[in-house]
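The values are calculated or read from the model by the stated rules, or taken from the named source; none is laboratory data. Small disclaimer: the values here were computed from a predicted structure and weren't measured. All Cβ positions, even for glycine, are placed from backbone atoms using ideal geometry, and neighbour counts span all protein chains on display. For the accessible areas, the whole protein counts, side chains as well, though only heavy atoms, and no ligand, DNA or RNA atoms are used. Shrake-Rupley method; radii C 1.70, N 1.55, O 1.52, S 1.80 Å.
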Amino acid sequence: MAEKRQPPRGLLRLLLRAPIWFYRLRLGWLLGGRFLLLLHTGRRTGLRRQAVLEVVDYDPAADVYIVAVGFGRRSDWYQNIRVRPQVVLQVGRRRVAAIAHPLDPAAGGAVMAGYARRYPLAARLLTRLLGHDVDGSPDSYRRLGEESIPFVSLAVDFSLDPADWPDRKKAGKSAVADHPAGGERKGGRRRTFTIVCPL
């Protein structure tokens, strides 16, 4: 199955932008633990970027969050964390530093299958929204996670201080990209998107 890279447009794009306003208005806690605000660093500009993502899974023992790259490996936030894996997360009222690490295909398949088992209706709706065809079987969701939807682990790292990231002199308020893609800009135009709510 090929990755789906078409960015959201129109009303869908507006809806996917909406969650970031909760964090801008200091109301991120209303989204609980199902979503997180990912603060990452632009791979070219070195400036901070933001993306709101659904928490696909969370391991409290290891303190690791799992998120999906809904629109594939060309999504800018994903490319950014591949170059600069040090990130900051806000989950509810919790704000911590973390290290981002892409999962291998086998692990991604297991995560996708587990998500579909826990949230079968959401899995069907969201995969359809992303343009993927699945027959609803565990194997079809597993293949989807192995071949088409990458996943990223965000491991909390208490040796890093979230207050020290990013360099505020280089990334002041005007430098923050408050959009769901959390992506780089080129020529004043946003290049790619990632899904905010799905997966």
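To keep it simple, each residue is scored yes or no on (1) within 14 Å of ARG73 (Cβ to Cβ); (2) at pLDDT 90 or above; (3) touching a Phe, Trp or Tyr at 6+ places or on another chain (Cβ under 8 Å).
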position	(1), (2), (3)
GLY131	no, no, no
TYR141	no, yes, yes
ARG189	no, no, no
THR194	yes, no, yes
CYS197	no, no, yes
### Task
Filter segment 119-164 for residues that are open to solvent by less than 80 Å² (accessible area, probe 1.4 Å), of a type in the set (Phe, Trp, Tyr) and in contact (Cβ under 8 Å) with a residue 12 or more places away in the chain and give the result.
TYR141, PHE151
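Here is a yes/no grid of residues against (1) touching a Gly at 6+ places or on another chain (Cβ under 9 Å); (2) closer than 30 Å to ASP135 by Cα; (3) of a type outside the set (Val, Ile, Thr); (4) surrounded by fewer than 18 Cβ atoms within 10 Å (Cβ to Cβ):
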{"residue": "GLY72", "(1), (2), (3), (4)": "no, yes, yes, no"}
{"residue": "ILE81", "(1), (2), (3), (4)": "no, no, no, no"}
{"residue": "VAL91", "(1), (2), (3), (4)": "yes, no, no, no"}
{"residue": "VAL96", "(1), (2), (3), (4)": "no, no, no, no"}
{"residue": "PRO105", "(1), (2), (3), (4)": "yes, yes, yes, yes"}
